[in-house]
Amino acid sequence: MDVSDLTPTWIALAETLEIGLDDLVRRFSTKPYWACFYRRNPHPRSDIGILSRPPTDQSLLLAISHTRLHLRICPECLVKDWESPRGVPILRRSHQLPSSLVCCIHGARLLHQCPGCRKVLVPRLELVHLPQRCESCGYDLRSHREQRLGDLSPFLRLALFERECLHSTFAPRLASDAAAFITMVCHERNLTPIDMLRENFGTQISSWRRRSEIAELRRINLWEATMPTLCACLVALGFTHESAQKAINQSAPETLAPSKATGRIESISQARNIVLAKIRSGGRVTWTSLQHGSRYLFWFLLLADRAWIEGKLGPRPRAGRRVPSVRKDRKEILSSSSEERRRAASARASYRDREWLQAILANRRDEQSKQRPLARDAVLRASISKAMTELFARSGRPIKFTIQRAAAAVGMNRNSIRTLNRRDPQPRDTLFESPSHYRLRVLLWMMNELAQLERHVMPNRLLKKARVNAGPTERFWAASIVYLFGPPSSSETT
């Protein structure tokens with residue numbers, strides 16, 4: 001079975017074996033690994049409503065599993081399974097962890113493609129089959145051998161670290177705590193996470209990150225990092241799973257606070273805790289650093305807790321002691337040409353003029369929602385006009401630019417093209433060619449072809465050669481075109 005996703009097959013198996021679903025998932029799936037360092041955001045919805053009672057460990061069941069399109073296997077583990085008394089190969093969940101590129105037991109590189117033909121060996125399905133030979137080229141996997149890595153290899157230590165996360169007995173903790181601890185240690189050692197990962201793992205970082213080339217990866221935002229990146233950083237710093245958990249536990253909570261406030265402050269205690277954490281971590285806290293670090297924190301302390309912050313930092317400098325009025329803030333938000341002034345005014349208004357600010361933002365969103373379709377329609381019309389111009393420029397008999405061709409030019413259907421045509425501020429049939437316009441183009445093309453052959457024809461013959469129905473409008477067009485191209489010769493007139 002696939003050991004990553006919680007599917008109805010898992011639920012049916014738990015009911016058949018009469019065991020708890022949380023026990024089954026904890027022992028046979030990769031979800032305990034993803035729940036080791038979890039995020040604070042709400043868990044996704046899961047289809048587990050058919051159970052008679054909810055499981056005891058919801059966080060484990062609803063942990064997100066970042067799956068791949070193929071499963072990994074270790075040839076040496078498979079040989080050991082085939083030689084066992086049962087003779088049944090086992091799909092190990094420790095091999096499916098994202099940054100485990102080698103077997104944590106044998107130190108050999110894990111395979112997901114056949115060494116002979118590069119075809120995927122075990123695709124991701126609910127029920128999988130582990131072959132002894134490649135089904136495409138017949139390559140014998142039992143005879144395949146990989147060079148074993150040493151005990152000091154960072155890839156082997158990372159595989160062992162992730163396996164310990166999978167079988168961890170420590171209580172799950174927030175990923176932000178682990179990320180803050182990594183940031184603190186890197187700062188103490190004068191390291192950057194991205195350089196540290198490149199030095200230890202090289203281009204293999206792209207195997208568990210959603211990046212195609214290592215050259216594009218210039219920095220790592222640890223606050224948005226996933227489990228593989230956190231584990232790789234801890235391994236690169238020289239920690240095992242147990243030592244990392246103990247070190248994070250022993251770290252003071254204040255040192256694990258964010259380096260700056262990234263959003264609007266909700267309470268005085270929250271603002272004070274951020275400032276105290278900066279002071280305890282050894283950082284220099286001044287009026288200037290607060291103002292440049294987070295405008296929300298700076299203006300909240302100045303407006304709501306000025307006495308306390310002045311007691312910590314001293315009086316505010318004379319040059320900027322005056323706080324702008326509400327009227328001036330409104331004027332800055334509406335008409336200021338400086339982006340920095342608008343942001344500072346918006347930060348102040350979010351605390352003392354919130355209703356007005358919310359109304360202004362709602363009006364701007366409404367205006368943008370109205371302008372966005374107009375801009376989108378203009379781009380679509382330009383694309384259709386370009387396709388029509390290219391079709392008209394082709395040599396040979398003209399081809400009609402139908403509504404189907406217009407829809408294909410922008411990847412839409414015919415009804416959408418008709419709706420787009422009706423929304424035109426100046427209604428014109430410019431998105432596709434009308435039948436009368438197409439017949440006129442055919443007459444002009446045929447007259448041009450005959451003129452190049454120095455043949456002068458009468459209107460009736462022009463209609464016949466162009467194979468255009470001779471209606472009143474078409475006869476008038478043919479006569480006008482013949483007249484514009486010159487009078488017919490005397491021999492053809494007679």
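The values are calculated or read from the model by the stated rules, or taken from the named source; none is laboratory data. These numbers were taken from a predicted model, which means no experiment stands behind them. When we count neighbours, we look across all protein chains shown, and the Cβ atoms used for this are built from the backbone with ideal geometry, even at glycine. The area values use the complete protein model at the heavy-atom level, side chains included, leaving out ligands, DNA and RNA. Shrake-Rupley method; radii C 1.70, N 1.55, O 1.52, S 1.80 Å.
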Given 4 °C and 1.567 mPa s, compute D for region 107-173 with the Stokes-Einstein relation, Rh being the Kirkwood radius over Cα pairs; round to the nearest whole µm²/s. 89
Looking only at lysines whose Cα falls under 28 Å of Lys386's and that sit 8 or more positions away or on another chain, we get Lys370, Lys400
Counting only heavy atoms of the protein chains, get the accessible area per residue of region 306-425 (1.4 Å probe) and round it to a whole Å² value. 69
Quick one: pull the percent of accessible area on region 269-424 belonging to carbon and sulfur, 1.4 Å probe, ligands and nucleic acids left out. 48
What's the whole-number percent of alpha carbon pairs in region 101-142 lying beyond 14 angstrom? 52
For a test of the definition: using alpha carbon positions, the gyration tensor, and the 1.5 limit on a/c, classify region 361-449 as rounded, prolate or oblate. prolate
How much length would be gained if the chain were fully extended between Ser143 and Arg280, taking 0.36 nm per residue of separation minus their Cα-Cα distance, in nm to one decimal? 43.4 nm
Computed FRET value (nearest 0.05) for Asn413 with Trp308, which takes r as the C-beta separation and R₀ as 60 Å: 0.45
With a probe of 1.4 Å, find how much accessible area region 157-207 has per residue, and write the answer as a whole number in Å². 49
Calculated FRET value between Thr16 and Ile90, using beta carbons and R₀ = 25 Å, to 0.05: 0.80
A chain fully extended from Arg341 to Ser153 at 0.36 nm per residue, minus the present Cα-Cα distance, gains in nm 62.5 nm
Please compute P(r) over all alpha-carbon pairs of region 313-356, binned at 5 Å starting from zero, and give each bin as a whole-number percent. 5, 22, 29, 19, 16, 7, 3
Sorted by average packing, counted as other Cβ atoms within 10 angstrom per residue and highest first, what order do 460-470, 289-299 take? 289-299, 460-470
Express in Å², to the nearest 10, the accessible area of Ile279 obtained by rolling a 1.4 Å probe over the protein heavy atoms while all chains stay in place. 80
How many percent of the alpha carbon pairs in region 284-348 exceed a separation of 15 Å? 53
